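Okay, structure first, notes after.
The values are calculated or read from the model by the stated rules, or taken from the named source; none is laboratory data. None of the values given here were measured: they were computed from a predicted structure. Glycine also receives a Cβ, built like all others from the backbone with ideal geometry; neighbour counts cover every protein chain displayed. These accessible areas exclude ligands, DNA and RNA; they are computed on the full protein's heavy atoms, side chains included. Shrake-Rupley method; radii C 1.70, N 1.55, O 1.52, S 1.80 Å.
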Amino acid sequence: MMKNPYLPQRAKIESIRPETRGERAIKTFKLVLADKASQENFVHKSGQCAMVGILGVGESMISISSSPTQKGYLEFSIMKMGKVTSALHNSEVGEVLTIRGPYGNHFPLEEWKNKNIITIGGGIGQAPLRSVINYIQDRRKDYREIDIIYGARSTIDLCYKEELFDLEKRTDIRVHLSIDVEEEGWDKFVGFVPNNLLRIKPSPKNSIAVTCGPPVMIKFVIKSLLDLGFSDHQIYTTVENRMKCGIGKCGRCNVGSFYVCKDGPVFSYETLKQLSEI
Ligand SMILES: Cc1cc2nc3c(=O)[nH]c(=O)nc-3n(C[C@H](O)[C@H](O)[C@H](O)COP(=O)(O)OP(=O)(O)OC[C@H]3O[C@@H](n4cnc5c(N)ncnc54)[C@H](O)[C@@H]3O)c2cc1C
Ligand code: FES
């Protein structure tokens, strides 16, 4: 019998890593499904999400920020926004949450083999991109040049700092970090992510650009990519409409005839343009 895709499963918090501080802090939760067989059989792809829930409070759609190549656990990087995410931030290692999913489509990483990959992220938008980056690291020979462009408001808002600083030391991956406003001791780019992209000028030849972040950043990143000569089909992003069921039943997330939870959240700019014309 087919598994009920709406059924939540219990998941234990293995570890919690604070990523950023402040009112809208981000924490990365490492979760393991309580049922060993379910954890072993949990298959996801980069770009997919899951409903992460806390009993008695509710659930939120969150991108799976670990890569499918990282077996035996799932990671979610969660920004404290409201009721559910605040309760998740107050939870502790050993507590049991719920997970249902994985939901949605994914980044077509198989199709992107032998291409240059440019990831362009802002703030918590780096979460689905981290899954892509970790996947590519584990399949490095399958991809050509890799550029990771990531920015946040300030150094304390940069997510995955340690991982990105480690990646900066590699010779086969280029990391370009930025903060919006000057800070003492920061010798990297200061300014908005689309401006950093225009400064780096990645070549569109045999390249795929994938961008996630605040809608205003995505808008200007896409404009910058088009100015650099990228075609619509070379640009990918995610759409994060508010969701409830996650499985294309409630109609909460639809744009025209598309259900973002089922047909997305990953869209090429080619498809996205058609959607915004609806
Ligand atoms: C496909 C998808 C992937 C996502 N991935 C992540 C992720 O990896 N990490 C993460 O921290 N968050 C992610 N989100 C956003 C996350 O689902 C919401 O922030 C969360 O549901 C808020 O729940 P809450 O109960 O804490 O806040 P609420 O009390 O419901 O809302 C608090 C505030 O957040 C705003 N808000 C709630 N949901 C959204 C949304 N989807 N977009 C914009 N504003 C919203 C509300 O308007 C309100 O101002 C994702 C959302 C989607 C649809
Ligand atoms: S969240 Fe219910 S249809 Fe998409």
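Close amide-amide hydrogen proximity is noted between residue 49 and 64, 103, each under 5 Å apart and 5 or more residues distant or on a separate chain (H modeled in the peptide plane; Pro and chain starts excluded).
What separates the Cα centres of the stretch 46-82 and the stretch 243-269 is a distance of 17 Å. Rounded if a/c is under 1.5, else prolate if a/b beats b/c, else oblate: with a ≥ b ≥ c from the C-alpha gyration tensor eigenvalues square-rooted, which is the stretch 84-158? Oblate. Between 12, 141, 244, the residue with the greatest mean-square fluctuation in the GNM of the chain (Cα pairs under 10 Å linked by springs) is 141. Comparing 108, 128, 204 in a Gaussian network model of the chain (Cα springs below 10 Å), the most mobile by mean-square fluctuation is 108.
Using θ = phi - 60° in the Karplus curve 6.51 cos²θ - 1.76 cosθ + 1.60, the 3J(HN,Hα) couplings for the stretch 47-60 round to x, 6, 10, 8, 7, 9, x, 10, 4, x, 10, x, 9, 9 Hz; x is entered for Gly and Pro.
Here the stretch 9-103 is assigned +1 on the Cβ of each Lys and Arg and -1 on the Cβ of each Asp and Glu. Its dipole about the Cα centre then comes out at about 120 debye.
Largest first, how would 43, 96 line up by accessible area (1.4 Å probe)? Intermediate values should be presented prior to the final figure.
Working: 43 105, 96 65 Å².
Ranked list, largest accessible area first: 43, 96.
When nucleic acids and ligands are ignored and a 1.4 Å probe is applied, residue 176 ends up with an accessible area of around 30 Å².
With charges set only on the Cβ (+1 for Lys and Arg, -1 for Asp and Glu), what does the dipole of the chain come to about its Cα centre, in debye to the nearest 20?
In debye, rounded to 20, the chain gives about 620.
Given the options 154, 51, 229, identify the residue whose Cα lies farthest towards the positive end of the charge dipole of the chain (+1 on Cβ of Lys, Arg; -1 on Cβ of Asp, Glu). Result: 51.
Phi angles across the stretch 8-16 convert, under the Karplus curve 6.51 cos²θ - 1.76 cosθ + 1.60 with θ = phi - 60°, into 3J(HN,Hα) values of x, 10, 6, 9, 8, 6, 7, 7, 10 Hz, Gly and Pro given as x. In order along the stretch 212-226, phi translates into HN-Hα couplings of 9, x, x, x, 5, 5, 4, 4, 6, 5, 4, 4, 5, 5, 5 Hz, rounded to whole numbers, per the Karplus curve 6.51 cos²θ - 1.76 cosθ + 1.60 with θ = phi - 60° and x for Gly and Pro. With R₀ set to 41 Å, the beta-carbon distance separating residue 226 from residue 15 gives a calculated FRET efficiency near 0.50. Dipole magnitude for the stretch 116-238: computed about the Cα centre from +1 point charges on Lys and Arg Cβ and -1 point charges on Asp and Glu Cβ, it is near 460 debye. Quick check on the chain: take the gyration tensor over C-alpha atoms, sort the square-rooted eigenvalues as a ≥ b ≥ c, and tell me if it's rounded (a/c under 1.5), prolate or oblate. Judged from the Cα gyration tensor, the chain comes out prolate (a/c at least 1.5, a/b above b/c). Database remark: amide H of residue 69 closer than 5 angstrom to no amide H (H placed geometrically; neighbours at sequence offset of 5 or more, or on other chains; Pro and chain starts carry no H).
Overall, the anisotropy analysis places the stretch 116-238 in the oblate class: the square-rooted eigenvalues a ≥ b ≥ c of its C-alpha gyration tensor yield a/c not less than 1.5, with a/b not exceeding b/c. For a paramagnetic label modelled on residue 219 (point 7 Å from Cα along Cα→Cβ), amide N atoms under 20 Å away belong, within the stretch 137-159, to 151-153. Packing order of peptides 117-124, 188-195, highest average first: 117-124, 188-195 (average count of other Cβ atoms within 10 Å over each peptide's residues). One Cα centroid belongs to the stretch 225-242, the other to the stretch 148-193; the line between them spans 22 Å.
The listed residues 140, 21, 242, 199 rank as 242, 21, 199, 140 when sorted by accessible area, largest first, using a 1.4 Å probe.
Under 18 Å between alpha carbons, and skipping anything fewer than 8 positions from residue 83 in its own chain: which lysines qualify? In chain and number order, the partners are 27, 244.
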